[in-house]
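What follows is one structure encoded as structure tokens, with my remarks underneath.
Just so it is clear, none of the values below were taken in a lab; they were calculated from the coordinates. What you see is a predicted model; the values in this text were computed from it and never measured. For neighbour counting, all protein chains shown are included, and Cβ atoms are generated from backbone atoms with ideal geometry for every residue, glycine included.
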């Protein structure tokens, strides 16, 4: 398989690039925003796998329907077959954790 690489920004036609000036007025603003994000990474790590009160995943595959539920990122049981189906697909249902999200419109 051929390894793909991204072209340099200078090689991309201008109409296919973002106008970064609409986001950051200058390089100093970009650098400050980047440093702000990087400095918050350690604090955000404590939320890894814990952004939801509960999640349910349903999978329709090979003529069967499967389910698994999670609470605060922890599987509540192994994936289990819950029926038969002629459909295929995946559905994730997410219940935000109200200890983390103040608003969930």
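Per-structure values
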item: Filtered residue count, region 20-40, keeping only those that are part of a helix (DSSP H, G or I), surrounded by fewer than 11 Cβ atoms within 10 Å (Cβ to Cβ) and within 24 Å of the chain's Cα centre (by Cα); result: 6
item: Enumerated strands (runs of 3 or more DSSP E) restricted to region 41-103, each holding at least 2 residues that are within 21 Å of the chain's Cα centre (by Cα); result: 52-61, 64-71, 89-96
item: Of the criteria (1) exposed (fewer than 10 other Cβ atoms within 10 Å of the Cβ); (2) more than 23 Å from the chain's Cα centre (by Cα), which one residue 6 fails; result: (2)
